[in-house]
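Notes to accompany the following structure.
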Amino acid sequence: MDFAALTEKIVKALVTNQEAVRVKEFPSEDEHTMILEVMVQEEDLGRVIGKNGKTAAAIRTLIQASSSLHENKFIKINFDKF
């Protein structure tokens, strides 16, 4: 399963400028870990992180639950701005 595409679809539903959303997958030292970097515009970062980080935590939970059903990898998601 393409977790980067799934993460991108979820984040695009939250932001105002959907064309600026970038999700990249980076290699990890551990083969059971995947690192995703989500880049959004500065004004959309608050929407993606949410109050007290609840939206970001919800995104991480959804992706991790999907991973446990398909590939059983630990997925780290980092959110940043352009």
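Whole-Hz Karplus ³J(HN,Hα) for the stretch 35-46, in order, using 6.51 cos²θ - 1.76 cosθ + 1.60 and θ = phi - 60°, x for Gly and Pro?
10, 10, 10, 9, 10, 9, 5, 4, 6, 9, 4, x
Based on Cβ point charges of +1 for Lys and Arg and -1 for Asp and Glu, what charge dipole magnitude is obtained for the stretch 3-81 about its Cα centre, in debye rounded to the nearest 20?
On the way: 11 positive and 12 negative charges, 77 e Å.
The calculation lands at about 380 debye.
Please list, ordered by chain and number, the residues whose modelled amide H lies under 5 Å from the amide H of Lys81; skip anything fewer than 5 residues away on the same chain.
Under 5 Å from the amide H of Lys81: Val40.
Can you tell me the 0 to 90 degree angle between the C-alpha axis of helix 54-70 and the longest principal axis of the chain, rounded to 10?
Once rounded, the angle reads 30 degrees.
Roughly how many Å is it from the Cα centre of the stretch 35-80 to that of the stretch 1-31, as a whole number?
First find each Cα centre; the distance between them is then 8 Å.
Count the net charge of all other residues whose Cβ sits under 15 Å from the Cβ of Met34, scoring Lys and Arg as +1 and Asp and Glu as -1.
Values: positive: Lys24, Arg60, Lys73, Lys76; negative: Asp2, Glu8, Glu25, Glu29, Asp30, Glu31, Glu37, Glu71.
Net charge around Met34: -4.
Restrict the search to the stretch 1-44; then list the GluC sites (Glu not before Pro) that DSSP places in a loop and that have at most 12 other Cβ atoms within 10 Å of their Cβ. If you can, show how the numbers build up before the last one.
Values: sites: Glu8, Glu19, Glu25, Glu29, Glu31, Glu37, Glu42, Glu43; in loops: Glu29, Glu31.
Hits after loop and neighbour filter: Glu29, Glu31.
What residues from the stretch 1-22 fall in the zone where the backbone N is under 18 Å from a label point 7 Å along the Cα-to-C-beta line of Lys54?
It comes to 14-15, nothing else.
None of the figures in this text is laboratory data; all of them are computed from the coordinates on show. A quick note: this is a predicted structure, and the numbers were derived from the prediction, not measured. Backbone-built Cβ (ideal geometry, glycine too); neighbour counts: all protein chains shown.
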